[in-house]
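This report refers to the structure that appears directly beneath it.
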Amino acid sequence: MLVKYIIMISVALLMLGVGMGISCRRLVDAFKQFGIIIKGILANFLIVPLLVYFLLLILPLPSDVKIGIMLMAAAPVAPMAPAFIAGANGDVAYGVGLMVAVAILSVVLTPLILGLALPRSENGIELNKMQIVQTLVVVQLMPIGFGMAIRQFGLVYAEKLLRFVPRIGQIGLLVGIGLLLASQAEYIVSINLATYGVLVVLVGVCLFIGDRMLAGESGDKQRALAVSTAIRNIPLALLIATASFPDSTVGPVTLIFSIFTMMFSVLYGKLKTAGYFRH
């Protein structure tokens, strides 16, 4: 329970920081790119979950591993994605606009996707979809809205809070992850090499989908969507995993998946910027 609340507070602080970092004008400018925002939403809420769902039907993986993978597929675009987009020389403004759009839509679409596609647990645990909706509203939607309000009506206070609020959220998330690793070491050790291989392939597939969805657009936008599609929302997935599937491999799988997404997103950005993967 302690890990759950540490992660909840950390996610709320990260989202508060996201809201305080976005001006209404910047958000409007991002949403003017309506066509490519819609493509980003389709990539993250339709293509990736659908592909993962069908892959999990045929792959002989333990049910808890499948649940962890599906949680990541249903929770797109992490709050730290813009930092990785910047590292890949991507269009950060587009990435921020997509992240906010996804955060709002997640309140409805993430529980819907999980309700339709989440594999059955071997322990007979049922996912509480209304609890997920409430959690998303409290830790994601409300903090973003509150943060934007602070920036709109008290820019000076927003800039001061931005100096430490996101950092506290990051530290809290790291503490939560550390406690999760310590408490579930036996489950991490039990994950076989085949699962690691599947996770690596899925990260590559996410990067490919994001890159190809904006084929024909500028390279910085392609890189932005590829990285946004790969960097799934690990804080949200971990929150659902620790709340609904404690003492299982679900949490560790989401954590390992997230580590691979960050590693390969950095590698993709460097290779793409260097001129590789040209079509």
Original post:
Somewhere in the range 187-206, is a residue of a type in the set (F, W, Y), over 19 Å from I41 (Cβ atoms) and surrounded by fewer than 24 Cβ atoms within 10 Å (Cβ to Cβ)?
Top reply: yes
**OP:** Considering only the range 84-93, state which residues are crowded, with 18+ Cβ neighbours inside 10 Å and either modelled with pLDDT of 90 or more or in contact with a Gly (Cβ under 8 Å, 6 or more places away or on another chain) (or both).
**Re:** F84, I85, A88, G90
Original post:
Restricting the search to the range 161-220, which residues are among the polar types (S, T, N, Q) and either out of contact with any helix residue (DSSP H, G or I) (no Cβ under 8 Å at 6 or more places or on another chain) or not in a helix (DSSP H, G or I) (or both)?
Top reply: Q184, S190, N192, S218
Subject >> Among the residues listed as L141, L105, the single one being farther than 26 Å from I191 by Cβ, in a helix (DSSP H, G or I) and either among the aromatic types (F, W, Y) or at pLDDT below 90 (or both) >> reply: L141
Original post:
What about G68, is it touching a Ser or Thr at 6+ places or on another chain (Cβ under 6 Å), under 13 Å from L236 (Cα atoms) and not aliphatic (A, V, I, L, M)?
Top reply: yes
**OP:** Check whether at least one residue in the range 113-120 is under 14 Å from the mean Cα position of the chain (by Cα), in a loop (DSSP other than H, G, I, E, B) and surrounded by fewer than 22 Cβ atoms within 10 Å (Cβ to Cβ), and report yes or no.
**Re:** no
**OP:** Could you tell me whether the range 208-222 includes any residue that is at pLDDT 90 or above and under 15 Å from the mean Cα position of the chain (by Cα)?
**Re:** yes
Original post:
Would you say G40 is out of contact with any Phe, Trp or Tyr (no Cβ under 7 Å at 6 or more places or on another chain), assigned to a helix (DSSP H, G or I) and modelled with pLDDT under 90?
Top reply: no
Subject >> Lone qualifier among T249, T254, T229, T261 - being hydroxyl-bearing (S, T, Y) and in contact with an Asp or Glu (Cβ under 6 Å, 6 or more places away or on another chain) >> reply: T249
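If a residue must be touching a residue at least 60 places away in the same chain (Cβ under 8 Å) and either outside any helix (DSSP H, G or I) or farther than 14 Å from Y268 by Cβ (or both), how many such residues does the range 75-94 contain?
13
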Original post:
Taking the stated definitions as given, is K32 crowded, with 18+ Cβ neighbours inside 10 Å, of a type in the set (D, E, K, R) and more than 28 Å from F245 (Cα to Cα)?
Top reply: no
Original post:
Looking at L255, L225, which one is outside any loop (DSSP other than H, G, I, E, B), within 15 Å of the chain's Cα centre (by Cα) and under 21 Å from K66 (Cβ atoms)?
Top reply: L255
Subject >> Residues of the range 228-252 that turn out to be assigned to a loop (DSSP other than H, G, I, E, B) and either of a type in the set (A, V, I, L, M, F, W, C) or under 17 Å from C206 (Cα atoms) (or both), as a count >> reply: 4
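The values are calculated or read from the model by the stated rules, or taken from the named source; none is laboratory data. Bear in mind that the values here come from a model prediction, so they are computed numbers and not experimental data. All Cβ positions, glycine included, derive from the backbone under ideal geometry; neighbour counts span all protein chains shown.
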